[in-house]
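Okay, so here's the structure we're looking at.
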Amino acid sequence: MITENSMFDDRKIRSLLAIFYPAWIDATATLRSLGNAGGFSGALFWKVESGGTSYALHRWPESAVERRAQLHWSHNVLREARDRGCRFVPVPLPTVNGESLILYDDTLWQLEPWMPGVADFGKHPTKSRLQNTMRALATFHQAVGQQGTILGMPASISGRIERLQNWFIDGRFTFQFGDLQKRAARHQMLGSLGETICQQFQRLASSLEENLARFRTSSVPIQPVIGDVWHDHILLTGDNVAGIIDFGAMKNDSIALDFGRLAGSLVGDDPVGWGTSIEVYRTIHPLSDLEFSISRTLDSSGTALGGMNWLNWICIENRQMGSPMVVFNRLQQIALRMETLQQKL
């Protein structure tokens, strides 16, 4: 039966499955609540076992209703990827009405195949695993980019510049940054870590601004990308990629966004790891020197701005981000990478 969940009980989940997914789930199915499954988006998950097959039931946060069209589009992209050989992506299953996304209890839900494997690259970071992970990413990009691409400046570049200007603009730190720095320094859970991240950002901001500005007029291929593919979304069985999960941030952008996000999360600032990543990726899908440069800039700016986002969520917006220890460890990892970036930028 479902484990403790204050908002959704066994009866409500079974009713949803019986109404919308009778072709996949029978009345004897077993359900297990996974809570947020280690994520921070506000989504909830259940593992469903029915007829010897495992499924993942996904409840999107309430804010996702406004993104319904974008989520439908992402499901179409996933179907295209699967039809072109990407068996490692979970394509949402159709309801009785043929829809891949349903509105139930004022929120969006989807049911998809359960993807095997464990996100444990960090515990066993071998060259073979890195190579297979980057091959999988390149295979996905190759599959979904075959309809033809347009050329343009990646929206991720302008987006990072806009986010940076919330904290640092025209060579000066904003009032918002000063307020966040004070709150972070006083935050009981963060201790000195919040203040450290703010100080690191102060030393990085000018270089980040200059590096992002270099690509304001760049023109590269734009196609569907995953948007937030990183270590915890890569499921491995042995050395092989068994699944890539979480496509909620899918968008049209440069493949540099995915490449930089994934490589940075797997190998950090190790030049050998980055070299291996681009070498194996290029055996399947093109990645120009310009795109590689953009990927490094998106990785470094994403790391620093990610630290500021986390502090803003915790100290300003007072979001409940899950286990305090998990959050603290995530911020420690960001702080360590920011410290390395200071020596490189």
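The values are calculated or read from the model by the stated rules, or taken from the named source; none is laboratory data. Quantities reported herein were computed from a predicted structural model and do not represent experimental measurements. Positions of Cβ are generated from backbone atoms using ideal geometry, with glycine treated the same way; all protein chains shown enter the neighbour counts. Keep in mind that these areas ignore ligands, DNA and RNA; they rest on the heavy atoms of the full protein, side chains included. Shrake-Rupley method; radii C 1.70, N 1.55, O 1.52, S 1.80 Å.
Selection over the stretch 315-327 of residues that are more than 20 Å from Ser265 (Cα to Cα), open to solvent by 60 Å² or more (accessible area, probe 1.4 Å) and without any contact (Cβ under 8 Å) to a residue 40 or more places away in the chain gives a count of 4. A residue that is farther than 27 Å from Asn132 by Cα and either without any contact (Cβ under 8 Å) to a residue 24 or more places away in the chain or open to solvent by 30 Å² or more (accessible area, probe 1.4 Å) (or both) occurs somewhere in the stretch 293-310. Taking the criterion of being of a type in the set (Ser, Thr, Tyr) and at pLDDT 95 or above, the residues of the stretch 147-200 that qualify are Ser156, Ser158, Thr174, Thr196. I'd like the residue in the stretch 153-184 that is of a type in the set (Val, Ile, Thr) and in contact (Cβ under 8 Å) with a residue 40 or more places away in the chain and, out of all such residues, is most open to solvent (accessible area, probe 1.4 Å). Among those residues, the one meeting the criterion is Ile161. Within the stretch 39-68, restricting attention to residues that are assigned to a loop (DSSP other than H, G, I, E, B) and open to solvent by 50 Å² or more (accessible area, probe 1.4 Å), the residue that is nearest to Ala119 (Cα to Cα) is Phe40. Assigned to a helix (DSSP H, G or I), within 24 Å of Ala136 (Cα to Cα) and of a type in the set (Ser, Thr, Tyr), is that true of Ser15? Judged against the criteria, Ser15 is not a match.
Each residue in the stretch 18-38 was checked for being under 17 Å from Met115 (Cβ atoms), open to solvent by less than 70 Å² (accessible area, probe 1.4 Å) and touching a strand residue (DSSP E or B) at 6+ places or on another chain (Cβ under 6 Å), and 2 of them qualify. The residue that is farthest from the chain's Cα centre (by Cα), among those in the stretch 304-328 that are part of a helix (DSSP H, G or I) and over 20 Å from Ala185 (Cβ atoms), is Met325. All conditions but one from (1) farther than 30 Å from His72 by Cβ; (2) at pLDDT below 95; (3) charged (D, E, K, R) apply to Glu279; the one that does not is (2). Of the numbered conditions (1) open to solvent by 20 Å² or more (accessible area, probe 1.4 Å); (2) closer than 23 Å to Pro61 by Cα; (3) β-branched (Val, Ile, Thr), Val229 satisfies every one except a single condition; which is it? The failed condition is (1). Looking across the stretch 93-148, just one residue is farther than 28 Å from Ser277 by Cα, open to solvent by 50 Å² or more (accessible area, probe 1.4 Å) and among the β-branched types (Val, Ile, Thr), and that is Val96. Which one is farthest from Arg261 (Cα to Cα) among residues in the stretch 328-345 that are in contact (Cβ under 8 Å) with a residue 40 or more places away in the chain and hydrophobic (A, V, I, L, M, F, W, C)? This residue is Phe328.
Every residue, every condition in (1) farther than 30 Å from Arg330 by Cα; (2) small (Gly, Ala, Ser); (3) modelled with pLDDT of 95 or more, yes or no:
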site: Ser6; (1), (2), (3): no, yes, no
site: Val48; (1), (2), (3): no, no, yes
site: Trp60; (1), (2), (3): no, no, yes
site: Trp73; (1), (2), (3): yes, no, yes
site: Asn76; (1), (2), (3): yes, no, yes
site: Arg82; (1), (2), (3): yes, no, yes
site: Phe88; (1), (2), (3): no, no, yes
site: Val96; (1), (2), (3): yes, no, yes
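Could we say that Thr133 is out of contact with any Asp or Glu (no Cβ under 9 Å at 6 or more places or on another chain) and under 30 Å from Gln199 (Cβ atoms) here? The answer is no for Thr133. Of the residues that make up the stretch 255-268, is at least one farther than 24 Å from Gly145 by Cα, basic (Lys, Arg) and either open to solvent by less than 70 Å² (accessible area, probe 1.4 Å) or not in a strand (DSSP E or B) (or both)? No; the residues of the stretch 255-268 include none that is farther than 24 Å from Gly145 by Cα, basic (Lys, Arg) and either open to solvent by less than 70 Å² (accessible area, probe 1.4 Å) or not in a strand (DSSP E or B) (or both).
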